[in-house]
Structure formats: C-alpha cells, structure tokens
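Trainee: Sending over a structure as structure tokens; questions will come in a sec.
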Amino acid sequence: MITQIGILVHDIEAVSEAYANFFGVDKPAWNWTDTPDKAQTEFQGEPSQARAKLAFFDMDSLQLELIEPDFHPSTWRNYLEEHGEGPHHIAFVIEGMKEKIAIMESKGMKLQQKGEYTGGRYAYFDSVPQLKVLIELLENDK
C-alpha cells in the first residue's frame with residue numbers, strides 16, 4: 001500500500017503554507033533529517049553528508065512529504081536540479097529491508113540512496129525506467 005508521496009521544493013516554508021491553506025489545516029513545522037553520524041546516508045554507494053528539511057501532512061492512510069534538500073549530492077538534490085520542483089517518490093512501508101533491496105535490484109531498479117532515521121531506515125530506487133517514478137521503501141523499527 002502506498003503510504004507517502006514525496007514532493008521536492010525550493011522553499012519549504014512557502015510551499016508548506018500553500019498546502020496548509022489548500023487543505024484548510026495548520027502549517028506543520030519542518031525538521032531537518034538526522035545528522036550524518038546518525039543517518040549514515042549513502043548516495044550512489046558512497047557516504048554522504050546530505051540532509052533535507054522535511055514537513056509532513058498526514059491525511060488518513062496517506063502522508064504528503066515536502067522535501068527541501070541541502071546542497072550536498074543526494075537523490076533529492078539531483079532530482080530537483082534535473083526536474084525542478086514537484087513529485088519525487090512514492091513510498092511503501094515494508095519489512096526486511098535487505099531482502100527487499102535485493103528484490104528491487106533484481107528487477108533492474110538500482111539503489112540510489114539509503115539511510116537511517118529515528119525509528120527506522122529508508123531506501124530510494126531508480127525505478128523511473130520501469131515505473132516512471134522513484135520508489136522509496138520505509139522500514140520502521142518494531
């Protein structure tokens with residue numbers, strides 16, 4: 001089941017305000033992703049210092065994530081520079097991250113970026129050739 005849609009933005013404050021007005025809800029506070037020592041981010045197989053500002057709108061079973069990346073190389077920064085603002089990924093909650101990474105890669109969907117967050121881990125795949133959008137897998141600790 002799709003749990004999240006991620007949208008890349010240049011100005012998280014302005015876009016958060018626009019979505020809050022559109023949905024008729026309070027503007028959520030944004031937070032930075034975890035620091036590199038906690039996040040252990042890898043981009044294209046190499047350690048990365050990349051961080052991003054995130055704001056979340058929770059709507060029943062779907063979450064809208066706004067992402068304003070810093071300027072370090074990352075899936076977020078590269079996609080924003082190549083495609084501009086707009087949809088970046090759809091995300092699914094899974095169990096068994098290592099096994100799911102192997103399955104995705106066996107289907108020709110190369111791992112782009114992975115890392116940890118407080119309470120779990122994530123992985124982004126280049127699934128655009130097959131699915132026309134990036135896929136993110138989220139595994140939450142139990």
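The values are calculated or read from the model by the stated rules, or taken from the named source; none is laboratory data. Keep in mind that what you see is a predicted model, and the values were worked out from it rather than measured. Here the Cβ positions follow ideal geometry from the backbone for every residue, glycine too, while neighbour counts run over all protein chains shown. When the accessible area is computed, the model is the full protein with side chains, heavy atoms only, and any ligands, DNA or RNA have been set aside. Shrake-Rupley method; radii C 1.70, N 1.55, O 1.52, S 1.80 Å.
Trainee: When the range 51-71 is examined, which residues are found to be closer than 26 Å to K110 by Cβ and open to solvent by 50 Å² or more (accessible area, probe 1.4 Å)?
Mentor: Passing the criteria: R51, F71.
Trainee: Could you check the range 1-50 and list, in sequence order, the residues that are in a strand (DSSP E or B), among the hydroxyl-bearing types (S, T, Y) and loosely packed, with under 12 Cβ neighbours inside 10 Å?
Mentor: none
Trainee: Also, I was wondering about something else. Of the residues that make up the range 102-115, is at least one basic (K, R), outside any strand (DSSP E or B) and surrounded by 17 or more Cβ atoms within 10 Å (Cβ to Cβ)?
Mentor: No, there is no match, as no residue in the range 102-115 is basic (K, R), outside any strand (DSSP E or B) and surrounded by 17 or more Cβ atoms within 10 Å (Cβ to Cβ).
Residues checked against (1) in contact with a Lys or Arg (Cβ under 8 Å, 6 or more places away or on another chain); (2) closer than 14 Å to Y117 by Cβ; (3) aromatic (F, W, Y); (4) at pLDDT 95 or above:
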site	(1), (2), (3), (4)
N21	no, no, no, yes
S61	no, no, no, no
P69	yes, no, no, yes
L80	no, no, no, yes
P87	no, no, no, yes
